[in-house]
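The values are calculated or read from the model by the stated rules, or taken from the named source; none is laboratory data. Because the structure is predicted, anything quoted here is derived from the model rather than measured. For neighbour counting, all protein chains shown are included, and Cβ atoms are generated from backbone atoms with ideal geometry for every residue, glycine included. Surface areas here come from the heavy atoms of the whole protein model, side chains and all, with no ligands, DNA or RNA. Shrake-Rupley method; radii C 1.70, N 1.55, O 1.52, S 1.80 Å.
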Amino acid sequence: MPAIEASGLTKIFGRRPKRGVRMLREGAEVADLRREGLTPAVIEATFDVAPGEIFVVMGLSGSGKSTLIRMVNGLLEPTDGTIKLDGQDITHLSKAGLRELRRSKVSMVFQHFALLPHRTVGENAAYALQLQGVSRDERERRAEEALAMVGLKGWGGSMPSELSGGMRQRVGLARALASGTEVMLMDEAFSALDPLIRKEMQDQLLELQAELDKTILFITHDLNEAMRLGDRIAMMRDGRIVQVGTAEEILNEPANNYVAQFVEGVDRSRVLSAGTVMEPPVAVVGRDAGPQAAHKLMREHQTSSLLVVTRERRVEGLVWEDDVAEAVRQGADRLPVSAEGVPRVTPDTPLAALFHHAAATRAPIAVVGENDRLEGVIPRVTLLSALSAPTGKDRPDGTDGTGGAGERPDATAAGETPLDPAGAR
Amino acid sequence: MTPLTTPMPPGLPRIPIGEVVADGITWVKQNLEALLDGLTAMLSFLVELFTDLLLAPPMLLGIALFTLLALLVRSWGFAVFALVGTLLIASMELWEPAMQTLGLVLVATLAAIVVAIPIGILAARSDTVSTIVKPVLDFMQTMPAFVYLVPVVIFFSIGVVPGVFATVVFALPPGVRLTELGIRQVDKETVEAGEAFGGTPGQILRGIQLPLGLPTIMAGVNQVIMLALSMAVIAGLVGAGGLGQLVVTSISRIDVALGFEAGLAVVILAIYLDRITGAIGQPTGRSLGAVLRRRRAETASRQPAAATAGSTTT
Ligand SMILES: Nc1ncnc2c1ncn2[C@@H]1O[C@H](COP(=O)(O)OP(=O)(O)O)[C@@H](O)[C@H]1O
Ligand SMILES: [Mg+2]
């Protein structure tokens with residue numbers, strides 16, 4: 001059962017918002033609703049979040065992310081559609097029911113931390129527990145634990161004003177952790193922080209998540225952050241979810257121009273893995289084949305090297321065109337296998353980790369799966385071009401980006417993207 | 001003698017607003033006698049109580065207490081002012097009327113706050129209440145202060161109670177306004193945090209809105225006190241006693257010396273009350289209380305640091 005299940009979730013602000021839902025059903029545009037004085041903030045959002053998943057909702061400012069996340073804990077009541085937590089329909093819960101839900105199931109971390117300035121760090125971390133009427137001893141103990149988890153052990157007696165931004169948000173995180181809820185909502189939780197601190201907080205969140213296995217709905221307008229954190233990402237635009245997928249799916253198969261433009265500036269080396277950019281291992285030669293056969297294969301595949309594999313498709317080494325030509329001339333009957341080693345990586349190795357291989361050798365990188373079986377190769381040129389552009393269909397500039405990259409080595413230029421993800425590197 | 005009002009243009013009906021209000025007042029007087037009596041009893045009891053309390057310690061001890069309070073909540077400099085000011089009041093032989101006025105002001109302020117803060121809270125929560133309350137407050141604030149004295153005298157005859165009552169009505173508006181403002185301007189996200197963790201409206205009010213709105217609410221209280229003080233003097237006209245009575249006497253006798261001295265005592269009281277309430281809303285950090293708290297916090301934080309240092313070396 002999904003931890004969070006939204007279907008057809010719609011929120012329209014304005015007087016008598018239900019009529020907006022009707023208008024949308026009848027095919028009205030957002031602009032038509034605006035003329036009527038209605039603001040459709042979220043339109044027909046449908047998604048599931050699995051338990052233990054980090055689900056990122058990503059979109060420009062004003063695209064309805066905050067409105068969406070506030071319907072998940074009932075801070076806003078949906079105009080239409082349903083939202084379920086753990087299978088429980090919370091769409092029309094009473095006020096008391098919602099309070100109970102927020103105490104037991106969902107907590108929240110805020111963009112500007114929303115700490116109580118007149119209370120100590122420890123009291124802030126214990127705030128949710130205090131609201132629940134947990135005894136002082138227990139809430140101090142649990143707050144202390146939560147503070148230790150976020151690296152603020154011993155800071156309980158300080159005031160929030162004495163802490164840096166990053167530390168304050170750690171308190172915000174500790175407050176949510178101390179409440180002990182399964183689901184955590186994070187609305188642009190790191191957006192107010194400096195890029196370096198932000199990255200630190202992302203690492204910390206991932207570390208905590210590995211340990212705690214919470215269900216996290218994370219909102220951001222920074223694509224790099226989305227890609228770093230999200231198991232899956234929902235791209236939002238003007239209130240609608242335009243694509244849901246893993247970081248790689250969004251990068252490589254953007255559903256439309258909007259997403260494609262968005263992903264143009266992202267640091268692909270962090271997101272892509274060897275498995276996504278590898279090419280089918282066709283330029284290979286059996287180790288018992290002769291130089292003649294190898295020479296022919298090279299000409300067929302227009303390549304200057306071949307991987308030498310066993311019958312079990314285990315990589316033995318590699319031969320270079322020059323050596324093969326020389327062997328053919330000399331009439332040798334064994335392949336001149338190069339002494340140079342072939343770098344081997346698994347499919348889930350991030351692209352960024354491949355560069356030092358590429359720098360160390362001219363050889364292509366072999367992507368091997370179980371039992372060292374060859375699954376694909378990454379020639380050096382592919383590695384470089386993979387960084388430059390999505391292989392998706394409709395490219396924003398109209399060129400068709402099939403065949404990947406190489407054709408547009410200039411496309412890495414960040415900063416010219418519609419939104420400038422502050423941490424584009 | 002020239003008439004006070006102008007004749008209306010011919011043909012325009014005379015709308016008897018004044019008469020209607022007067023009839024209403026008479027009706028209240030006749031039908032709510034019990035309520036008015038109860039109020040009278042309670043207010044006169046409270047004013048007497050406060051005045052007696054203020055006059056209970058011998059004058060010099062009283063002066064010392066005022067000075068100490070100034071030191072506790074504000075600063076050394078202000079304590080010096082308090083000492084000089086209260087000594088001056090004593091030496092002008094105005095100690096007793098000053099304490100009577102102070103007692104009246106405190107009771108009126110308390111009553112005004114008790115009424116104003118809940119109304120302010122309601123107005124902050126509901127736009128409807130806010131739109132209803134606003135014009136009423138405007139009316140109360142712009143109506144000339146003397147006008148309140150007339151119906152009040154009908155209700156309570158003359159004495160200290162009509163004085164308190166007129167003072168409450170006159171001093172109420174800023175208390176309501178600034179309470180509403182203070183609560184409304186509390187950071188929205190912080191209030192949302194209270195809701196997001198399952199806080200009840202009461203918990204959010206007590207734990208977030210009131211403490212974070214406190215500086216503004218205290219600014220309101222401060223204004224209530226200032227208005228109460230000025231009205232308490234005017235209330236001398238209806239026999240409220242204290243410094244107000246001396247001012248009224250000085251006018252009727254054209255006694256400049258008495259008038260000036262009574263006025264000066266009012267000014268000293270005003271400055272004293274203003275600075276004290278201001279310091280509660282926005283602590284200066286130079287008060288004795290703050291200095292002691294800081295010192296205690298420092299020693300407390302030094303201890304765990306020493307403890308951890310010790311544990312790392314062992
Ligand atoms: N309480 C509200 N009343 C009216 N319009 C609102 C309200 N909250 C948000 N909106 C509108 O809804 C749209 C989406 O806002 P929001 O969810 O805050 O976007 P995001 O968090 O993605 O920046 C915006 O156009 C905003 O102006
Ligand atoms: Mg937002």
How high is the FRET efficiency from A:T346 to A:L93, r the C-beta distance, R0 56 Å, rounded to 0.05?
0.75
Neighbour-limited loop hits for trypsin sites (Lys or Arg not before Pro), region B:7-95 (at most 13 other Cβ within 10 Å; DSSP other than H, G, I, E, B)
B:R14
Here the gain from full extension of A:R299 to A:E162, 0.36 nm per residue of separation minus their alpha-carbon distance, amounts to 42.4 nm
When chain B is modelled as a GNM with alpha-carbon springs shorter than 10 Å, which of B:T109, B:T249, B:T51 fluctuates the most?
B:T249
What per residue convex hull volume, in Å³, do the alpha-carbon atoms of chain A yield?
176
Suppose all protein chains stay in the model; what accessible area per residue would a 1.4 Å probe give for region B:33-282, in Å²?
44
Within chain A, excluding any GluC sites (Glu not before Pro) found in a DSSP loop (not H, G, I, E or B) and having at most 16 other Cβ atoms within 10 Å, the longest uninterrupted segment runs A:37-311
Check A:G376: other-chain or 5+ apart residues with amide H under 5 Å from its amide H, H built from backbone geometry?
A:V367
With heavy atoms of protein chains only and a 1.4 Å probe, what residues of region A:84-104 have at least 50 Å² less accessible area in the full set of chains than alone?
A:R99, A:R102
How much solvent-accessible surface does A:H112 expose, in Å² to the nearest 10, with a 1.4 Å probe and all protein chains in place?
110
Could you give the length gained by full extension between B:V20 and B:S44, i.e. 0.36 nm per residue of separation minus their alpha carbon distance, to one decimal place?
5.7 nm
Please compute the per residue accessible area over chain A with all protein chains in place, 1.4 Å probe, rounded to a whole number of Å².
45
Region A:275-386 - convex hull of the alpha-carbon atoms, volume per residue in Å³
90
Once you have the Kirkwood Rh of the protein assembly as shown from its Cα pairs, apply Stokes-Einstein at 10 °C and 1.306 mPa s and quote D in µm²/s.
49
How many angstrom lie between the Cα centre of region A:357-374 and the Cα centre of region A:269-345?
12
Given the options B:I268, B:I251, B:I119, state which has the largest fluctuation in a GNM of chain B using a 10 Å cut-off (strictly under) for Cα springs.
B:I251
What average number of partner chain Cβ atoms lie no more than 10 Å from the Cβ of the residues making up B:17-26?
0
At a 1.4 Å probe radius, carbon and sulfur cover how many percent of the accessible area of chain A?
47
Over chain B, relative contact order from alpha-carbon pairs under 8 Å, at least 6 apart, %
22
Starting from a Cα-only point model with no solvent, please compute log10 I(q)/I(0) by Debye for chain B at q = 0.09 1/Å.
-0.61
Check the straight Cα-Cα distances from A:K199 and name the lysines below 30 Å, setting aside those fewer than 8 residues away within the same chain.
A:K65, A:K105, A:K153, A:K214, B:K188
For A:M236, list long-range residues whose amide hydrogen, built 1.01 Å from N in the peptide plane, is under 5 Å from its own amide hydrogen.
A:M58, A:G59, A:V242
For chain A, set up a GNM with springs between Cα atoms under 10 Å and report which of A:V282, A:V57, A:V121 has the largest fluctuation.
A:V282
Order A:T276, A:T120 by their accessible area, 1.4 angstrom probe, all chains in place, largest first.
A:T276, A:T120
Carbon and sulfur atoms account, in whole percent of the 1.4 Å probe accessible area of chain B, for 71
